[in-house]
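A.B. asks: I have a structure I would like to understand better, so I am pasting it below and will then ask my questions one at a time.
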Amino acid sequence: MISTRGRYAIRVMLDLAEHRGGYIPMRDVAARQEISPKYLEKIMPDLTKHGFVEGTHGKGGGYRLCCEPENCTVGAILRATEGDLAPVACLSCNAAPCSRAPFCRTLPMWKKYYDMTLDFFDGITLAELLGNPSAGDYVI
């Protein structure tokens, strides 16, 4: 399941993509997206660390998008904020080898599900979400 952290990160990135042009104060994003500024303070370091945004302090400060919406995938945003999207521990990055893997009957199913998840989210860009006319202004 994708947590609130991942969903909010996508909303923040969409907001920054939609209002590009300069540094955007997080209080403005928080107000538009109806997200607590305190919660955003926990998300922004991950987005900054992974190079999605950059921030500056002081007058005229805020955050701005560092990637083109056409090149920024939902999958990359989710991995930056959620960590690995693996459905089971044995498929997670840095997981210790599972002793049951050689004879696990369910592992191929989980692997296929994981691959579909990655393909799905990596196939959606911010530009696509911004261009979705049926969604209106509502973002989950």
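A.B. asks: Ignoring ligands, DNA and RNA, what percent of the accessible area of segment 53-96 is carbon or sulfur (1.4 Å)?
C.D. replies: 46
A.B. asks: Once you place label points 7 Å from the Cα toward the Cβ at MET1 and HIS19, how far apart are they in nm?
C.D. replies: In this crude label model, MET1 to HIS19 measures out at 3.0 nm.
A.B. asks: If you take the charge dipole of segment 1-114 about its Cα centre, with +1 on Lys and Arg Cβ and -1 on Asp and Glu Cβ, which of GLN33, ILE10, THR106 is farthest toward its positive end?
C.D. replies: The listed residue farthest towards the positive side: THR106.
A.B. asks: Same structure, new question: Kindly provide the trypsin sites (Lys or Arg not before Pro) of segment 14-121 that DSSP labels as loop, not H, G, I, E or B, and whose Cβ sees at most 15 other Cβ atoms within 10 Å.
C.D. replies: Filter output for segment 14-121: ARG20, LYS59, ARG100, ARG105.
A.B. asks: What dipole magnitude, in Debye to the nearest 20, does segment 1-96 give about its Cα centre under +1 on Lys/Arg Cβ and -1 on Asp/Glu Cβ?
C.D. replies: Rounded to the nearest 20 debye, it is 280 debye.
A.B. asks: From Cα pairs below 8 angstrom and at least 6 apart in sequence, can you work out the relative contact order of the chain, rounded to a whole percent?
C.D. replies: With pairs under 8 Å counted, the relative contact order is 28 percent.
A.B. asks: Right, here's the next one. Using C-alpha positions alone, give me the convex hull volume of segment 1-77 per residue in cubic angstrom.
C.D. replies: Convex hull of Cα atoms, per residue: 86 Å³.
A.B. asks: Still on this structure, I have one more. Report the gain in length on full extension from ARG27 to THR106: 0.36 nm times residue separation, minus Cα-Cα distance, nm rounded to one decimal.
C.D. replies: 23.8 nm
A.B. asks: Can you pull out the GluC sites (Glu not before Pro) in segment 1-104 whose DSSP state is coil and whose Cβ has at most 14 other Cβ atoms within 10 Å?
C.D. replies: GLU34
The values are calculated or read from the model by the stated rules, or taken from the named source; none is laboratory data. Small disclaimer: the values here were computed from a predicted structure and weren't measured. Note that we place each Cβ from the backbone using ideal geometry, even for glycine, and neighbour counts take in every protein chain shown. To get the accessible areas, we keep the full protein, side chains included, count just its heavy atoms, and leave off ligands, DNA and RNA. Shrake-Rupley method; radii C 1.70, N 1.55, O 1.52, S 1.80 Å.
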